[in-house]
Amino acid sequence: MKETLKQHRQERQQGLSRSSIRDTILGFQDGVVNTLGLVLGVASAVQNTKIVLISGLVTTFAESISMAAVAYTSTKAAHEFYESQLEREKKEIQDIPQIETEEIREIYHKKGFRGKQLSSIVKKITSNKKLWLGTMMAEELKLFPEDYESPLKSTFVVGISAVIGSLVPIIPFFVFSVKPGMISALFLSILCLFIVGAVKAKFTIGNWKKSGIEMAVLGTLAAVAGYFIGSLLGVVYG
């Protein structure tokens, strides 16, 4: 039984560490969709493989740096918010322990505990400041440390994922001419988006087929928009 419990906790901890899957999907999806729309638009406008490759590669690195920067600032802001709330709770436990104790009592009273059992729980929690602080953060504020990753880690994951995703629609143009390259880029991107959507459903609540189709459809819509805008510009300035 102890071994089973230990294994369950290890699996749970691994699952929590997989919260970076969010950053991976964000970076990859954004890279594929944005670059796919751009290369199809440019390809339909200029009909020149070299220009498509240059514009695609420029977009790849500019997009990836931008996504990484956004990931860093947003994750850093969220992390700082968590730390500020943690410090506030520490101060309140230190300065107004009576009120904080009553808040613990109220939390567990709402969970259905009464009488001696409730008093025992409150005493147990408030006798350990680390446990007390963790309980206040989780139960009162609904803030959990595993939800706030290192900004540098998030930056790295998003940036690398964006590079990989951005390269997907570009690769066919290294091999094919413009028209076959456009078709290949579209189908390869849709396939990759479907796979990523399906994998996302494994880590969240949802049907893998529905999630895969949803992500693939969004990518297709972006590609179609890019294609028609490129075709229009090609007619106007061609």
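Laboratory data are not the source of any read-out in this text; all were calculated from the coordinates shown. Remember, predicted model here, so these are calculated numbers, not experimental data. Cβ placement follows ideal geometry from the backbone for every residue including glycine, while neighbour counts extend to all protein chains displayed.
Against the chain, whose longest principal axis is taken from its Cα atoms, helix 49-95 shows a tilt of about 10°.
Working from Cα pairs under 8 Å separated by at least six residues, relative contact order for the chain is 39 percent.
The reciprocal of the average 1/r between distinct C-alpha atoms defines the Kirkwood hydrodynamic radius, which for region 134-238 equals 16.8 Å.
Simple spin-label estimate for GLN98 and LEU221 gives 5.7 nm between the two label positions (7 Å along the Cα-to-Cβ direction from each Cα). Treating each Cα of region 17-146 as an identical point scatterer and summing with the Debye formula, the log10 of I(q)/I(0) at q = 0.11, 0.21 Å⁻¹ comes to -0.61, -1.13.
Sorting the Cα pairs of the chain by distance into bins of 10 Å, from 0 upward, gives 7, 22, 23, 18, 13, 9, 6, 1, 0 percent per bin.
Legend: ranking of residues SER231, SER166, SER64, SER211 from fewest to most surrounding C-beta atoms inside 10 Å; resulting order SER231, SER211, SER64, SER166.
Note: relative contact order over region 123-226, using C-alpha pairs below 8 Å and six or more positions apart, is 15 percent. Axis of helix 151-167 versus longest Cα principal axis of the chain: the two differ by about 20°, to the nearest ten degrees.
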